[in-house]
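**Q** The structure follows.
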Amino acid sequence: MKRLVINGGKPLHGEVYISGSKNAAVGIVAATILANDICVLENVPDVSDIKIMLDVLTSLGANCKREGEIVEIDTRGINTWVADQDSISKMRGSSYLMGALLGRFHKAQVYLPGGCSIGPRPIDQHLKGFSCLGSDNKTEFGRVTCDASNGLFGNNVYLDLMSVGATINIMLAACTAVGNTVIENCAMEPHVVDVANFLNAMGASIRGAGTDVIRITGRRDLHGCTYAIIPDQIEAGTYMVAAAATKGDVIIKNIIPAHLEAISAKLMECGVEVIEGDSGTEFFMHVRAKERPRAVNIRTLPYPGFPTDLQQPMTSLLAVAYGNSFVTENLFEDRFNHVRELNRMGARITLNGRTALVAGVEKLYGAEITATDLRAGAAMIVAALMAEGTSIVRNIHYIDRGYEKLTEKLRGLGANITRVEE
Ligand code: EPZ
């Protein structure tokens, strides 16, 4: 059992360096399959979801070497379109193997992806996109088989909802299809743009990523490249919330300020001081708080709206706000597993469907709490850092999926946190 022991109540102070984006990296690692060549990726976060993806690529025949934050992936040895490793069903990003294998081999068989338990997570839009490109898809025995033996052909794909996963997966399959593809109503998240930029660096022709219409002209001659992954928007946002929650004073380095506008705006509405800066070599965000936050309402939305991945840590902050906040989760049906745990720490949160009414209390108290998914884990960390007394956070393997060197980074900010593994 691995757990974190946190003695809370200490303001965070100092500087923290943000790692590469986990959600961009899972897409980009899968995309290297299309290169059939050597890709050198910089700023790759060392988190368990990326380890799983690299292990899966290795078992398909790729050669993956990590040195610090740089990972070299040679996908010339991959000669199978079947990915049936058990680990695939543990993570959502493994769905990108479908688009990448389909693009390279015109066939793919992949275990249905898993991922955090935050409600039903269908892949109908991914499969609809593949069908539009000429693939025949079947789901049986927990596997998806996509067959485009006659080739992939560009087409118009209209997504019923703005899905990050479907947008990336369809881009992967479409960038080697014959002709032009237009994806409408697509997701605009920073990691969608980063995967598109990486594919373009490999020789693909993708325009419009970051808007709701992406246009792709298929090319067969993709090649290896060197590419630096963007900083993790959600890791940065989590440290911003933790700084505010502990009434700390933290400089968050290696960020892209535009990606953090929604969280900066909400923190400022809470009365937190948030200052964007540019050191000349990099951007940083300075977050400082002296008082309890003011209550604010939050509605999660696709980018550039407030990110669902920060709803959970933000709920921890609002648990100690002056006044009542409404937190509405519009993306996932069941992303409130952290509420029960926060209430065990003294919070007063009532759930009504997809809205949580957070009645602010003066403080939280340490308790034994459980991380039920990745960002619920982040919420537990924020709560434990500001709570009076000691908290024990269980199930930290969820947190390891997406936060690189969490204990070290928080200790660097003065937190009293210990990782216990037995
Ligand atoms: C990605 O998940 C991220 N995961 C999630 O981060 C993030 O919360 C989410 O995007 C939203 O930003 C990765 O990038 C690996 P979606 P994804 O497809 O792609 C519905 C984290 O904590 N939908 O944009 O699975 C779906 O059920 C993780 O880092 C369909 O109905 O999200 C949801 O309600 C958790 N049919 C909504 O769309 C589909 O075919 C948005 O999901 C696809 C999605």
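**Q** For region 165-206, just say rounded, prolate or oblate: build the C-alpha gyration tensor, square-root its eigenvalues into a ≥ b ≥ c, call rounded for a/c under 1.5, and beyond that prolate if a/b exceeds b/c, oblate if not.
**A** Oblate, since a/c reaches 1.5 and b/c is not below a/b.
**Q** How large, in percent, is the carbon and sulfur part of the accessible surface of the chain at a probe radius of 1.4 Å? Don't jump to the answer; show the numbers that get you there.
**A** Values: 7750 of 15990 Å².
Carbon and sulfur: 48 percent of the exposed surface of the chain.
**Q** Could you compute the FRET efficiency for Asp212 and Arg340, with r as their C-beta to C-beta distance and R0 at 51 Å, rounded to 0.05? Present the calculation step by step, with values, prior to reporting the outcome.
**A** Details: r = 36 Å, r/R0 = 0.71.
Efficiency, from the Cβ-Cβ distance: 0.90.
**Q** Charges only on Cβ, +1 for Lys and Arg, -1 for Asp and Glu: so what's the dipole of the chain about the Cα centre, in debye to the nearest 20? Before the final figure, lay out each step's value.
**A** Numbers: 41 positive and 46 negative charges, 133 e Å.
In total the dipole reaches around 640 debye.
**Q** Something else now. Over region 138-204, calculate the relative contact order: mean separation of alpha carbon pairs under 8 Å at least 6 apart, over the residue count, as a percent. Walk me through the numbers on the way to the answer.
**A** Details: 67 pairs, mean separation 23.5, N = 67.
RCO, region 138-204: 35 percent.
**Q** If you count the DSSP beta bridges with both ends in the chain, what percent of them are antiparallel, to the nearest 5? Please report the intermediate quantities before stating the final value.
**A** Details: 60 of 83 bridges.
Antiparallel bridges make up about 70 percent of those DSSP assigns within the chain.
**Q** At a probe size of 1.4 Å, how large is the accessible area of Asp334, to the nearest 10 Å²?
**A** 70
**Q** Ok, one more. Please get the size of the charge dipole for region 209-368, origin at its Cα centre, with Cβ charges of +1 on Lys and Arg and -1 on Asp and Glu, quoted in debye to the nearest 20.
**A** Details: 17 positive and 19 negative charges, 72 e Å.
With only Lys, Arg, Asp and Glu charged at Cβ, the dipole is about 340 debye.
**Q** Convex hull over the Cα atoms of region 267-422, averaged projected area in nm²? Kindly include the intermediate steps, with their values, before the conclusion.
**A** On the way: hull surface 39.2 nm².
Mean projected area of the Cα convex hull: 9.8 nm².
**Q** List the equivalent ellipsoid semi-axes of region 108-160 in whole Å, largest first, each obtained as the square root of 5λ for an eigenvalue λ of the Cα gyration tensor. Walk me through the intermediate numbers first.
**A** Details: eigenvalues 95, 46, 9 Å².
So the three semi-axes of region 108-160 are 22, 15, 7 Å.
**Q** Compute the Cα gyration tensor for region 23-63, then decide on rounded, prolate or oblate, letting a ≥ b ≥ c be the square roots of its eigenvalues: rounded whenever a/c is under 1.5, prolate when a/b is larger than b/c in the other cases, and oblate in all that remain.
**A** It is oblate, given that a/c is not under 1.5 and a/b is not larger than b/c.
**Q** Which of Gly93, Tyr365, Pro120 sits closest to the plus end of the dipole of the chain, meaning its Cα is farthest towards the positive end, when Lys and Arg get +1 and Asp and Glu get -1 on the C-beta?
**A** The listed residue farthest towards the positive side: Tyr365.
**Q** Have a look at the DSSP beta bridges in region 193-314 and tell me what percent are antiparallel, nearest 5. Walk me through the numbers before you get to the answer.
**A** Values: 14 of 16 bridges.
Close to 90 percent.
**Q** Now for a different question. How high is the FRET efficiency from Tyr365 to Glu422, r the C-beta distance, R0 35 Å, rounded to 0.05?
**A** Working: r = 25 Å, r/R0 = 0.72.
E(calc), rounded to 0.05, equals 0.90.
**Q** Also, quick follow-up: Sort the following peptides by mean Cβ neighbour count (other Cβ atoms within 10 Å, averaged over residues), highest first: 399-409, 93-103, 130-140. List each step's numbers first, then the result.
**A** Details: 399-409: 20.7, 93-103: 28.2, 130-140: 17.9.
Answer by packing, highest mean first, reads 93-103, 399-409, 130-140.
**Q** Rolling a 1.4 angstrom probe over the protein heavy atoms, how many square angstrom per residue are accessible across the chain? Show your work: numbers first, answer last.
**A** Working: 15990 Å² over 422 residues.
Ligands and nucleic acids excluded, the figure is 38 Å² per residue.
**Q** Can you bin the chain into rounded, prolate or oblate? Criterion: square roots of the alpha carbon gyration tensor eigenvalues sorted a ≥ b ≥ c, rounded for a/c under 1.5, prolate for a/b above b/c, oblate for the rest. Don't skip to the end; give the middle numbers.
**A** Working: a/c = 1.86, a/b = 1.78, b/c = 1.04.
Taking the square roots of the gyration eigenvalues as a ≥ b ≥ c, the chain is prolate.
**Q** In deg cm²/dmol and to the nearest 500, what is the mean residue ellipticity at 222 nm of the chain if only DSSP H runs of at least 4 residues count, each as -39500 (n - 2.57), divided by the residue total? Could the numbers behind the result be given before it?
**A** Numbers: 13 runs with 134 residues, N = 422.
The helix contribution divided over the chain gives -9500 deg cm²/dmol.
**Q** Can I ask one more? Towards the positive end of the charge dipole of region 1-80, with charges on Cβ (+1 Lys, Arg; -1 Asp, Glu), say which of Ile6, Ile78, Ala31 has the farthest Cα.
**A** About the Cα centre, the residue reaching furthest to the positive side is Ile6.
**Q** Still on this structure, please answer the following. Give the residue from Met202, Pro190, Ile214 lying farthest towards the positive end of the charge dipole for region 120-228; charges sit on Cβ (+1 for Lys and Arg, -1 for Asp and Glu) and the dipole is referred to the Cα centre.
**A** Met202
**Q** Could you size up the charge dipole of region 120-221 around its Cα centre, putting +1 on the beta carbon of Lys and Arg and -1 on that of Asp and Glu, and report it in debye to the nearest 20?
**A** Details: 8 positive and 10 negative charges, 40 e Å.
Dipole magnitude for region 120-221 comes out near 180 debye.
**Q** What pairs in Lys65/Lys138; Lys51/Lys266; Lys22/Lys253 have C-alpha atoms more than 25 Å from each other? Can you show the working numbers first?
**A** Working: Lys65/Lys138 34 Å; Lys51/Lys266 33 Å; Lys22/Lys253 17 Å.
Flagged as over cut-off: Lys65/Lys138; Lys51/Lys266.
The values are calculated or read from the model by the stated rules, or taken from the named source; none is laboratory data. Note that the coordinates shown come from a computational prediction; the quantities given were computed from them, not determined experimentally. Because the Cβ atoms are built from the backbone with ideal geometry, glycine has one as well, and the counts that use them run over all protein chains shown. Heavy atoms of the whole protein, side chains included, go into the accessibility calculation; ligands, DNA and RNA do not. Shrake-Rupley method; radii C 1.70, N 1.55, O 1.52, S 1.80 Å.
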